[in-house]
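The values are calculated or read from the model by the stated rules, or taken from the named source; none is laboratory data. Computed from a predicted model, the values in this text were never measured in an experiment. With ideal geometry, Cβ positions are generated from the backbone for all residues, glycine too; neighbour counts draw on all protein chains shown.
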Amino acid sequence: MRGTNFLVITLAFGQVIWGLAIKLEKVTGGSDGIPGVPRPDSIGPINFTDPKVMFAFMVIVIAIVVTLAMRLLNGPLGSTTPGLYGNPSCGSSHWATTSSC
């Protein structure tokens, strides 16, 4: 499966999952999300009852995730992915050096 067919099937699968998440309100809470999940009061010395502390904590977590994603994309694995677009047959063996890849 390649190209446009893969794209269409991926989009269709995503729409099926989205539809199930919206329709199964008793399980997923629909568009409101899962009800009854409480916010943690504290984790160690960090007290989440203050909204400013929660906001600062989330900014730090997002900064760490973005930093890790950028390091992954700019590392050896990230530098191999653009080549896979041009030659998809090398995708299964991109760690092995072959004459055709």
Counted residues, the range 39-76 - those being exposed (fewer than 10 other Cβ atoms within 10 Å of the Cβ) and either at pLDDT below 85 or not in a helix (DSSP H, G or I) (or both)
6
Only one of (1) exposed (fewer than 10 other Cβ atoms within 10 Å of the Cβ); (2) under 23 Å from the mean Cα position of the chain (by Cα); (3) at pLDDT 85 or above is not met by residue 2, so which one is it?
(3)
